[in-house]
Amino acid sequence: MAADPAARMSPVGPAGAASMPVAAPLYPAPPFEFRGARQTWVVYEADAAMLAAYLPAGVQPDSDPAVCAAWACHYPSSTFGPYLEAYLVVRVEVAGERFWYQPVIVTDAEAPMAAGRELWGYGKKLAHLTWSGREAGGPGAEQLVMTVERPRGVRLMTLSMQPERLVSGEELVSLPAAEMLPTLSHRMVPASEAGRPPVVDELVAVDVRPRAHRGADGRPELWRGRGAVDLGSGSAADPWQVFRPLRVLDAFTSLTDFTLPLGRVVPRS
Ligand SMILES: CC(=O)CC(=O)O
């Protein structure tokens, strides 16, 4: 009797799987979807010379003092599952194009950690993150707070933001501190044979626009308010204090749905 093809079907992943291990991939193939994403930015000035060691060759702040942002992400629903993430980013210029360069990223889950490092060159580390604040901001709403510890008990960052005023997409575009630039990462993959140079050493840009902003009646859900970032004295492994704010410029929080695209390689000169 001929075997039933369905009965022979393997319970493991298909050949050509999107990620390792190919028999049981850690994360699926694109598209990479995010729903109800709460992102909060505190934009500030920092000492460009202090943070220079975090920038790869060919990547320079586009101003002095440097413009940085502490960026807190609460992702309740995504292709990679629910997770929290925190970034420190620097506004930079590379060969005449401007980006938000991402030297520091921490997350609390394995799938977005591996996918971020492998696909986009996001140099993520695992950390203990907490997030508090209601889903929707609003005037008089409780403040939004993210904390980052790595390892647990060693506080690297406390970010807080008090939403005060709903702003339109047009108004946001006109605010210098909220400039929507592509992000940029340094994707480095070491060689597996001793004495060989990295097999990948490239700058990867990701253009996260366009974003679909959610809100009651389809209006954008973007709030502006007051922000604060405390980076303390860092740690030996993670000297985040070099990004310490000199002056806070602005603070925003948004609630969006979006699809994260793959990147593009940026020539260094
Ligand atoms: C999986 C990813 O790296 C996407 C993100 O968390 O920004």
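The values are calculated or read from the model by the stated rules, or taken from the named source; none is laboratory data. All figures in this text were calculated on a predicted structure; none of them were measured in a lab. Cβ coordinates were reconstructed from backbone atoms using ideal geometry, including for glycine residues, and neighbour counts include every protein chain displayed.
Of all residue pairs spaced 6 or more apart or on separate chains, those with beta-carbon atoms under 6 Å, a first member in the range 106-122 that is without any contact (Cβ under 8 Å) to a residue 40 or more places away in the chain and a second member that is of a type in the set (D, E, K, R) are T107/E85; T107/K124; M113/K124; G116/K124; R117/K124. Restricting the first member to the range 25-46 and to residues that are of a type in the set (D, E, K, R), and the second to residues that are surrounded by 18 or more Cβ atoms within 10 Å (Cβ to Cβ) and part of a strand (DSSP E or B), the beta-carbon pairs closer than 6 Å and six or more apart or on different chains are R38/H74; R38/L255. Just one residue in the set L184, L119, L144 is within 16 Å of the ligand (Cβ to nearest atom), within 24 Å of P76 (Cβ to Cβ) and within 21 Å of the chain's Cα centre (by Cα); that residue is L119. The number of residues in the range 85-107 that are away from the ligand (no atom under 11 Å from the Cβ) and at negative phi comes to 14.
Mind checking which residues of the range 19-51 are away from the ligand (no atom under 16 Å from the Cβ), in a strand (DSSP E or B) and either hydroxyl-bearing (S, T, Y) or touching an Asp or Glu at 6+ places or on another chain (Cβ under 7 Å) (or both)?
Once the filter is applied, which keeps residues that are away from the ligand (no atom under 16 Å from the Cβ), in a strand (DSSP E or B) and either hydroxyl-bearing (S, T, Y) or touching an Asp or Glu at 6+ places or on another chain (Cβ under 7 Å) (or both), the range 19-51 yields V43, Y44.
If a residue must be at pLDDT 95 or above and surrounded by fewer than 20 Cβ atoms within 10 Å (Cβ to Cβ), how many such residues does the range 66-76 contain? Looking only at that region, the number is 0.
Kindly check whether there is at least one residue in the range 52-70 that is closer than 30 Å to S269 by Cβ and within 16 Å of the ligand (Cβ to nearest atom).
Here is the first cut: in the range 52-70, the residues closer than 30 Å to S269 by Cβ are 52-70.
Now drop any that are not within 16 Å of the ligand (Cβ to nearest atom), which leaves 69-70.
Within the range 52-70 (the criterion being closer than 30 Å to S269 by Cβ and within 16 Å of the ligand (Cβ to nearest atom)), the answer is yes, since at least one residue qualifies.
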